[in-house]
Each structure stands twice: as structure tokens, then as C-alpha cells.
1. Could you tell me whether any residue of segment 192-206 is assigned to a loop (DSSP other than H, G, I, E, B), in the same structural domain as Lys264 (by TED's automatic domain parsing), at pLDDT 95 or above and farther than 24 Å from His257 by Cβ?
2. Going through segment 72-123 one residue at a time, which ones are hydrophobic (A, V, I, L, M, F, W, C), under 24 Å from Asp188 (Cα atoms) and free of Cβ contacts under 8 Å to residues at least 40 places away in the same chain?
3. Against the definition (outside any helix (DSSP H, G or I), crowded, with 20+ Cβ neighbours inside 10 Å, aliphatic (A, V, I, L, M) and modelled with pLDDT of 95 or more), how does Ile371 come out, yes or no?
4. Evaluate the following for Lys40: is it modelled with pLDDT of 50 or more, outside the structural domain of Val277 (by TED's automatic domain parsing), over 30 Å from Pro220 (Cα atoms) and not in a strand (DSSP E or B)?
5. Do you know which residues across segment 191-225 are among the β-branched types (Val, Ile, Thr) and exposed (fewer than 15 other Cβ atoms within 10 Å of the Cβ)?
6. Filter segment 49-71 for residues that are over 19 Å from Arg316 (Cα atoms) and either without any contact (Cβ under 8 Å) to a residue 60 or more places away in the chain or not assigned by TED's automatic domain parsing to the domain that holds Ile344 (or both) and give the result.
7. I'd like to verify a number: residues in segment 337-373 that are polar (S, T, N, Q) and within 17 Å of Gly130 (Cα to Cα), how many?
Amino acid sequence: MLPSLKKRNIAWIAGVSLSLAAGALFVTQPANAQAKKPIKIGFSQSLTGFLSPNGKQALLGAEIWRDEVNKAGGLLGRPVELVYYDDKSSPAQVPGIYTKLLDIDKVDLVVSGYATNEIAPAMPVVIRKGKTFISLFGLDVNAKFNYPKYFSVLPTGQDTKGSFTEGFFQVAAQQKPKPKTVALSYADADFSQNACDGARANAKKYGFKIVYDKSYPPPPKTTDFTPIARALKAVNADLVVVCAYPADSVGMVEAAHEVGLQPKMFGGAMVGLQATVFKEKLKTKLNGIVNYETWVPDKKQMYDGTEAFFKEYQARAKAAGVDPLGYYLGGWGYAQFQILGDAIKGAKSINDDKLAAYLKKTTFKTVMGPIKFGKKGEWAHGRMLAVQYHGITDKADLETWRGMSYQTVLEPKGLATGKVIYPYEKAQK
């Protein structure tokens, strides 16, 4: 298959042809694939660049799903084939990739890769082609498109933007005496802007005064976060909320420790802290941070197939060169395709209109819990978590990150595992 693909002329894809030709093309189909024409599912994924630690997790989850489905006989009596390209964590790559998938590779279906910044650029292509689109961790992407065949795998619920910091502000509002002021720092990028919009709304909702509200150019334009941390320290807000992607989340935590930033609460919507590689890098610097989470390995969050999936993921992780636990994106990458596969079986079709109709009316049982889609394809009921890190020492290792000893679920109440250590500095001792 690869030699024939290399012969295809893709020079007409403006702005991405050279990158795609030079980059890696990935087409996966098990050796025992049947003679029947496969169902081809296409997507971009961040396999290099700053989003790759999470993108690689999601890909392994998808591959595990594919292997299980094909071992069981495929879908509609046909094998499943994944066709994907590395978007290099660059939104500029994405439109050309989806154009190629649909016009040249002739995939039957498309799903998104990981992250808001990579999903939004795919939307115009997907909408123009009328494809059903299940996205993976896209924050409020469909607000500006209002596309009826869009479905989001992200536990935000209807309050999409506010969900990432809702738990943070809920916890802060319960403290006595109640803190009064908040500082907001965020990257000038789609996800961070959306999450910070939600933080502003939550600050107003819970009665906090915003005393600092500034963006910064996202990495690689910003590499030194010390000046930002100093500015946050200077305003002396009770609460510091950061909305960021992995590189800047890590940079902000390190800078906060360098300058001695000590608000009463620190955290918010910091992507990346959930990944094992960054936990291992930061270790004790994580103590006290209250941040969002989407899933943790607590007994309350074990659903049908959850333990079996993570056992398989972790057995394959080292050879695949991915996060050894897969808690942040591995399970969700599997669930994204699990939903698509169940929709194909339920609709008995790969027709996009029939799939969209089935997706709208069905509650899906996944390894990450039940998912029912509501308005604009977001979840009908959210399940975002607020988690605090604590008790982490320099001796923390993979076994530490595997469990719950270093983290407490604070919100929502039904999934809580303990209470907050407050103020922030108390959890650092």
C-alpha cells in the first residue's frame, strides 16, 4: 500500500505538500485482514511536537480498539483500517491532511486527532464534505460552527468553557475566610483563550475580583516564564489560575517555584500535568496545585472494560514508546473509536447522516464511563474533575503515579476522595 501512496501526486495541497511528503504516513491494517474491502477511518494526530506525549497515547488507544475489533470479525463484516498522518502539533498542517484523507486516500470516515488547536482547523474541511466528526479533547470547538454532525469526547458537559476551572473556583469559594482576588494568565491560543473565558465567568459566578488578566504568546514564542511569574507575584492575588498547554504549563510551574509565587490556591486549566513524563519532571513542584482532570484510577471510576483496557495499554506502552500509564489520553483515544464502532453497529451503516442520527439518540457505554451527547455535540452531563496533588517526594516513581496516593479528587462531590489542603503553601511542606 505504501509504494502506491508515494506515487500519488499531492503537490496541489497548498502549504502542506512538502511537509506531508517529508513526514511520516501511517496506514495500519492487521496482517490477517480479510479480502473484503476495509472500512477506512482517517485522522491527523500529533506524533511529534509539543502535543505528541498526549497524541501518542490516543493513537495507541485507537490501535488497541482496531485490533480488538478486527480480531472479533470487524464491523459490518469488514475489517477496519486506520489511515493517519502526523500533524506535528501544527494547526497549519491539519486542513491539508483532511483534504488528502478525503480526496486522495478516499477514507470512509474521519475523526479528529487530539487537542482543540488541531481540531478547529479541520472543521471547515469536514463540514464542506458533510462528514460526521467525533473529536477528541476539543474545547467548545463547535460554538462557532454549530455543525449538527459534530460530537465531542471531552467530559465538559454543557458549560464547556467553564468546566475546566469550575471545580477550582468551587473549592476556593468554600474556604474560610473566603479568598477575594484572582489573577488569570493564559496562552494566546484557542484552548487557553476558551478556558480563560470560562475562568472569567466562574470568577464572577463565585464572587472573586479579577486583578490580573493577561495573555502571553504560546511556546515556542515564549520560553521564559519567569517574568510572567514575577508579574503574578507582584499583584499578590489570592488565587492564580493558569490556562495553558503542556510546554507552558511546565514552564509556569517551574517559574512559580523560582520566584516564590505563593497564592492561597494555584492551578486551574493546565494541560500536561496529567502526563507521566511531566509528573516525573516536576515531582515535588506539583504539591499543592489544584488542577482539572478528566479521569483518575479511583475505584469509583472503574467501568466495564476499564481495567482490561489499561492492562493491555500498559503491556504495549514501552514498545510503542508512549506514556507508560495512558491515564490522560490512552483511555479516551480508545473511547473515541469505541463510540464510533458502536454507532456503526447500531446504525448498521457507515453513512454519515445515519451515524449522526444514532450518535444523537444513544447513551454509549465506554471504558471511560457512560457518554450521552447533548447540545452542539457536547456531553449532556459533564464529568470534569478538580484534583489536588500532595505528598509527592523526590523518590516518586512510576508506582507513585500509577495510583491515588499523591492526588485527591476534590470535585465533583460524587467522585471526591478527600478534602483540599489549604492554603497552597501548606501542601508544599
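1. Applying the first criterion (assigned to a loop (DSSP other than H, G, I, E, B)) to segment 192-206 yields 206.
From the residues that got through so far, the ones that are in the same structural domain as Lys264 (by TED's automatic domain parsing) too are 206.
The next check asks that each one be at pLDDT 95 or above; those that pass are 206.
Checking the rest, the ones that are also farther than 24 Å from His257 by Cβ come to 206.
Yes, there is a match, as at least one residue in segment 192-206 is assigned to a loop (DSSP other than H, G, I, E, B), in the same structural domain as Lys264 (by TED's automatic domain parsing), at pLDDT 95 or above and farther than 24 Å from His257 by Cβ.
2. Passing the criteria: Ile119, Met123.
3. Details: outside any helix (DSSP H, G or I): yes; crowded, with 20+ Cβ neighbours inside 10 Å: yes; aliphatic (A, V, I, L, M): yes; modelled with pLDDT of 95 or more: yes.
Considered against the rule, which asks whether it is outside any helix (DSSP H, G or I), crowded, with 20+ Cβ neighbours inside 10 Å, aliphatic (A, V, I, L, M) and modelled with pLDDT of 95 or more, Ile371 comes out as yes.
4. Numbers: modelled with pLDDT of 50 or more: yes; outside the structural domain of Val277 (by TED's automatic domain parsing): yes; over 30 Å from Pro220 (Cα atoms): yes; not in a strand (DSSP E or B): no.
Here the answer is no, as Lys40 does not meet what is asked.
5. From segment 191-225, those among the β-branched types (Val, Ile, Thr) are 210-211, 222-223; that's our starting set.
Within segment 191-225, Thr223 is the sole residue that qualifies.
6. Step one: filter segment 49-71 for residues over 19 Å from Arg316 (Cα atoms), giving 49-51.
Matches in segment 49-71: Gly49 only.
7. Taking segment 337-373 as the starting set, the residues that turn out to be polar (S, T, N, Q) are 338, 349, 351, 362-363, 366.
Checking the rest, the ones that are also within 17 Å of Gly130 (Cα to Cα) come to 349, 351.
Final tally of qualifying residues: 2.
Results for (1) among the β-branched types (Val, Ile, Thr); (2) assigned to a helix (DSSP H, G or I), shown as yes or no for each residue.
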residue	(1), (2)
Gln93	no, yes
Gly96	no, yes
Val111	yes, no
Asn146	no, no
Phe164	no, yes
Gln170	no, yes
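The values are calculated or read from the model by the stated rules, or taken from the named source; none is laboratory data. Bear in mind the structure is a predicted one, so any value in this text is a computation, not a measurement. Note that each Cβ is placed from the backbone with ideal geometry, even for glycine, and that neighbours are counted across all protein chains shown.
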